[in-house]
1. List pairs: first residue in region 292-309 and closer than 19 Å to GLY138 by Cα and of a type outside the set (Ser, Thr, Tyr), second residue modelled with pLDDT under 95 and open to solvent by 10 Å² or more (accessible area, probe 1.4 Å) anywhere in the structure, Cβ distance under 6 angstrom, at least six positions apart or on different chains.
2. Of the residues SER256, SER227, SER219, which single one is out of contact with any Leu (no Cβ under 7 Å at 6 or more places or on another chain), closer than 30 Å to MET179 by Cβ, among the hydroxyl-bearing types (Ser, Thr, Tyr) and in a helix (DSSP H, G or I)?
3. Show the residue pairs meeting these rules: Cβ distance below 8 Å; 6+ apart or different chains; first residue within region 88-108 and without any contact (Cβ under 8 Å) to a residue 60 or more places away in the chain and among the small types (Gly, Ala, Ser); second residue surrounded by fewer than 24 Cβ atoms within 10 Å (Cβ to Cβ) and not in a helix (DSSP H, G or I).
4. Failed condition for VAL317, given (1) under 16 Å from GLY164 (Cβ atoms); (2) modelled with pLDDT of 95 or more; (3) of a type in the set (A, V, I, L, M), with all others met?
5. Within region 259-272, identify whether any single residue is over 29 Å from SER28 (Cα atoms), surrounded by fewer than 17 Cβ atoms within 10 Å (Cβ to Cβ), at pLDDT 95 or above and not aliphatic (A, V, I, L, M), and answer yes or no.
6. Does LEU387 satisfy the condition of being under 22 Å from LYS63 (Cβ atoms), open to solvent by less than 20 Å² (accessible area, probe 1.4 Å) and not in a strand (DSSP E or B)?
7. May I ask you to say which residue of GLY185, GLY236 is out of contact with any Asp or Glu (no Cβ under 7 Å at 6 or more places or on another chain), open to solvent by 30 Å² or more (accessible area, probe 1.4 Å) and within 30 Å of GLU294 (Cβ to Cβ)?
8. Given the options TYR214, TYR244, name the one that is without any contact (Cβ under 8 Å) to a residue 40 or more places away in the chain and hydroxyl-bearing (Ser, Thr, Tyr).
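The values are calculated or read from the model by the stated rules, or taken from the named source; none is laboratory data. Everything numeric in this text was worked out from a predicted model, so none of it was measured. As a convention, Cβ positions derive from the backbone with ideal geometry for all residues, glycine included, and neighbour counts pool all protein chains shown. Side chains are part of the model used for accessible areas, which takes the heavy atoms of the whole protein and leaves out ligands, DNA and RNA. Shrake-Rupley method; radii C 1.70, N 1.55, O 1.52, S 1.80 Å.
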Amino acid sequence: MDYLKRADELYEETVANRRWLHQTPEISMDLPNTTAFIWEKLTEIGYAPKHCGGDGIVATVGKAGGKSILLRSDMDALPMGEESGLPFASTCSAAHTCGHDCNAAQLLTAAKLLKENEDALSGMVKLVFQPGEETFLGAKAMIADGLLEDPKPDAALSFHVTSGQTPPSVFIYNATGTMMNSVDGFRIRVRGKGAHGAYPERSVDPINIAVHIYLALESIVAREITSTQASVMTVGLFKAGDAYNIIPETAELQGSIRSESPEQRELLVRRMKEVARSVAETYHGTAQVEMIAEVPPLICDPDVTKQFVGYMKELDVPGQTAFPDIKATASDDFACVLEQIPGAYIYLSAGFPDGPATQQHSPDVLFNEEVLRFGPAYFAHCATRWLEEAAELTQ
């Protein structure tokens, strides 16, 4: 089958699916309308979808008994308003400002392409629609619910659209190592002793302790990580107190740690905990550390990535350009899958060369729907070609 031609024929359908998802965003692990929509579409195509990890969906196509490949899309939105001005913009307190609506629409159309060509598949394709990527909960929930079993995939692939000014004929990958950093979200609860603001000597001031913890955390990356390595420790939430003249009992910090290697990750998480507790003790308080997200670095398998890139280049996409060896300090919990299955994560540009350079997670971000002409074909062609070559190697 000419997947690129067929994807172009289904372009309007893909756009319609994307716009429905865009206008009906849901967040984290609670995606009842999103799941119902994708479930209905898959059923209409001829699939027998199954729930996995709550509102996650898994469907399979092809032949059992041989090699299998996992294709994954995320489908959750962000808890923010939208200011895009699009006629199909979200009208609720959530918005698809990361592009997961495009990702899911592409995989839906790829599901149709693969179903139409099922007899020619040399193995099994496992289609995965994942919730909770933005909260880093979805991949782990699906894995715990058996995502990587019955059958266990032999390879995995995920595409993610990007915004900005790069044209939609561009794709971006990394075949040499870490594609995206780990993320370890943390919550530090500082406890002291409250007092009236007129008598600070009677207190153990948790705000003072939290400020010193904040400053101490800043020095960890600056002084304990090699300068050539990309690591980030960011505190994005600091809260304490209810009144201007009262020293409170508690204060709270929340932040994230991102690193490009398992060794860096272990060091930074350990030192964050040590510093928080020791600084609190120095000022006669206590600090309790809770991890609220734990995702490893997203490391693509070099050989499998090169295979997928080769298959993508087989498609005659106008103006197709590949940018290799890209790294990002952002994170994606597809890393949890790639920690167990060799595979790749590849960006598909959905930018406007002459448009705004607005980045993802911005309320006014826009995505170029032209990427939907060939994103589904990339998914279907990569799966089909990988299964063909895997079958040849086992003969």
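1. Between residues of region 292-309 that are closer than 19 Å to GLY138 by Cα and of a type outside the set (Ser, Thr, Tyr) and residues that are modelled with pLDDT under 95 and open to solvent by 10 Å² or more (accessible area, probe 1.4 Å), the close pairs are PRO297/THR178; PRO297/GLU260; ILE299/THR178.
2. SER219
3. Every condition considered, the pairs that remain are SER93/PRO79; SER93/MET80; SER93/GLY81.
4. Among (1) under 16 Å from GLY164 (Cβ atoms); (2) modelled with pLDDT of 95 or more; (3) of a type in the set (A, V, I, L, M), the lone unmet condition for VAL317 is (1).
5. no
6. On the way: under 22 Å from LYS63 (Cβ atoms): yes; open to solvent by less than 20 Å² (accessible area, probe 1.4 Å): yes; not in a strand (DSSP E or B): yes.
It is true that LEU387 is under 22 Å from LYS63 (Cβ atoms), open to solvent by less than 20 Å² (accessible area, probe 1.4 Å) and not in a strand (DSSP E or B).
7. Details: GLY185 fails: open to solvent by 30 Å² or more (accessible area, probe 1.4 Å).
None of the other options fit; the residue is GLY236.
8. On the way: TYR244 fails: without any contact (Cβ under 8 Å) to a residue 40 or more places away in the chain.
Residue meeting the stated conditions: TYR214.
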